[in-house]
Amino acid sequence: MARSWRNFFRRTKEAEEETKNERAVGVEDEEVIEEEEPPERDLAEPEVTEEPVQEEAVEESLPEPDEVEEALGPAAAAERQEAAGEEEFGGWFGRLRRGLQRSRESVVGQLNAAVAEFRDAEDEEFWERVEEILISSDVGVTTTAKLVGELEREALEKNITSGKELRELMISHAEKMLSAGPVELDISHKPTVVLMVGVNGTGKTTTIGKLVEYLPGKAMLAAGDTFRAAAIEQLQKWGERTGAPVVARERGADAAAVAHDAVEAAKRDGTDVLMIDTAGRLHTKVNLMAELEKVKRVVERQLPGAPHEVLLTVDATTGQNGLRQAKMFKDSVGVTGIILTKLDGTAKGGIALAIANEIGVPIKLISVGEKVGDLHPFDAREFAEALFGDL
């Protein structure tokens, strides 16, 4: 069964019971609510005028919650939105396949040709060709050597001679490699603090806006990116649209101070999940990474055990550079999960295999487009089938 938003969040039993009750009330009232006219809402976009290369565009077609969704509560509304998205786009798997189309045309097209000629697991030239294809898809030398080595060994042991069997074996090994750890997002603490990190232009702020649409319970946002032009305004616009309060200071303020204010506000207001945005920074800049470590220390001092999740957004189009980013951020702030963005804009989706294998941090979410519904919990089997399945 493919992973969905319903089983993505790890919560306390009390919170899950509260959601069930909330959902039951929503079902009873739904018929009456649907007769009412939804209120008109301001759909104006935030202006982002400076540094267009590094700016993260706010989603133009972000759906507004209607009255039914508000009555059902966040968790039930997320389920409704997910179901509507799957109906419109032929299911998440279909959307994932389309999002990975460039990678599939690059990888699968070549693999189809190679596998069509596969007859003998002892054919060294065949395995060398598979290695070349995987490396060209940014799987990387280390991960490719491991994957092909395992494939060749098992193909020999099982005396595999058909391309169909080999493809299934490839999907199975890729799934195992992509399963680097628990994918669920731990929001079992109150408040749960999620620290969003990454380099410029990877989509941190936009991803926060998308993710808060699905979060159960009461969410709060912190505008910790006090450096980038319009970053604070962008997050505030997401807050207005999702109903999440935003803790912010003026541009240029100390990011650690913003984090301090946000944690105190979250504790005071009974917030379930606090998401802290941070300024994009190059992983090679020691002083900027030290600043990020300071933010984490301040959060931990205010709330022992926090941040409970540190999510790193990685732009899939950056290929092996994204792998280096993941290594540096993991060493610096202890990344607990990866969000792989912009998969629809690259022919090198194999970077997911490299990250899972070489970093050892689970990929928790992937994004294959600009819309809210294009963000989805990561499923290793689903991804492997979409990447290596038949065209």
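Sort 204-211, 4-11, 233-240 by packing, meaning the average of other beta carbons within 10 Å per residue, with the highest value first. Could you put the intermediate results ahead of the total?
Values: 204-211: 25.6, 4-11: 17.5, 233-240: 20.9.
Ranking, from highest mean packing down: 204-211, 233-240, 4-11.
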Completion exercise
The percentage of the accessible area of the range 155-194 (probe 1.4 Å, all protein chains present) made up of carbon and sulfur atoms, to the nearest whole number, is 48 percent
Fill in the blank from the handout: Under the Karplus relation with 6.51, -1.76 and 1.60 and θ = phi - 60°, whole-Hz ³J(HN,Hα) for the range 358-366, x at Gly and Pro, equal 8, 9, x, 10, x, 7, 9, 9, 9
Handout entry: Partner lysines for LYS364 [C-alpha distance under 16 Å; skip if fewer than 8 residues away on the same chain]
Key = LYS176, LYS204, LYS210, LYS330, LYS342
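Quick one: length gained pulling GLU300 to LEU282 fully straight, 0.36 nm per residue minus the C-alpha distance? It would help to have the intermediate numbers written out before the result.
Values: separation 18, 0.36 × 18 = 6.48 nm, distance 2.33 nm.
Additional length available on full extension: 4.1 nm.
Just to confirm, what accessible area per residue do you get for the range 130-264 at 1.4 Å probe, in whole Å²?
Numbers: 4840 Å² over 135 residues.
About 36 Å² of surface per residue is accessible.
Just to confirm a number: summing +1 for Lys and Arg and -1 for Asp and Glu over residues other than GLU293 whose beta-carbon lies under 13 angstrom from that of GLU293, what do you get?
Working: positive: ARG281, LYS285, LYS294, LYS296, ARG297, ARG301, LYS330; negative: GLU291, GLU300, ASP331.
Neighbourhood net charge equals +4.
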Practice task
Between THR12 and ASP261, take the C-beta separation as r, use R0 = 35 Å, and let me know the FRET efficiency to the nearest 0.05.
Solution key: 0.85
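The values are calculated or read from the model by the stated rules, or taken from the named source; none is laboratory data. All values reported here derive from a predicted model rather than from experimental measurement. Don't worry about glycine lacking a Cβ; one is built from the backbone with ideal geometry, like all the others, and counts go over all protein chains shown. SASA here: full protein model, heavy atoms, side chains in, ligands and nucleic acids out. Shrake-Rupley method; radii C 1.70, N 1.55, O 1.52, S 1.80 Å.
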